[in-house]
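Enquirer: This is the structure I have questions about; it appears just below.
The values are calculated or read from the model by the stated rules, or taken from the named source; none is laboratory data. All values reported here derive from a predicted model rather than from experimental measurement. Positions of Cβ are backbone-derived with ideal geometry, glycine not excepted, and every protein chain shown enters the neighbour counts. For accessibility, only protein heavy atoms count, side chains too; no ligands or nucleic acids. Shrake-Rupley method; radii C 1.70, N 1.55, O 1.52, S 1.80 Å.
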Amino acid sequence: MHRRLTLFAGLAAIALITTAACTKMPTKGIAVPSAFRPLVPPDTKVLAGIELANLQSTPLYQRHRDQLAFPLLDGARERFGVDPRRDLSTLLFVWNGADPVVIARGKFQQRMLEHNLASAGFHSTTYKKRTVFGDDRGAVFLEGGVVAVAGSAASVRSEIDLEDSGRGEIP
């Protein structure tokens, strides 16, 4: 009887351990939108994201919304026709240890925004069939009126190369 009880306890322990080992652990960390994944370099060291729509629905945001009337945000609306508080839904900060990049998802009227960038004096160049606005210090390209990528000109070109190569991934 003692032997059967020991055998039963042993088999139960093995079943419990096997079940625990085969169970998928919940994912922790940042959820990266699928539209951004091709733009995340494999050597990324820091990822930080924010869902602006979710943030705007929090009690903290609601209490302090009036304090978020920054001239910079108002200027973006006036100069470029994009109000970050209304037109952006997701921001992702990506850093590989050298060059930071910000990837944004939102509602952009691409032609109007491109026109406004050019009117504001942003130089436009074509890189791999994409229009890039800015200079060596800061540049931006728009992807389909939904995604914008901003950083140094070199990092923006690297993002375009990465997207074209299909090597983007979450590290």
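Enquirer: How many Å² of accessible area per residue for region 41-171, probe 1.4 Å?
Expert: That works out to 59 Å² for each residue.
Enquirer: Related question: Tally up the carbon and sulfur contribution to the accessible surface of region 40-132 as a whole percent, 1.4 Å probe, everything protein left in place. Write down the numbers at each step before the final one.
Expert: Working: 3440 of 6010 Å².
Roughly 57 percent, rounded to a whole number.
Enquirer: If you don't mind, another one. If amide hydrogens are placed 1.01 Å from N in the peptide plane, which non-local residues have theirs closer than 5 Å to the one on G49?
Expert: Residues meeting the amide H criterion: F93.
Enquirer: Now for a separate question. Give the residues of region 93-107 whose amide nitrogen is closer than 17 Å to a point set 7 Å from the Cα of V146 in the direction of its Cβ.
Expert: Flagged as within label range: 103-107.
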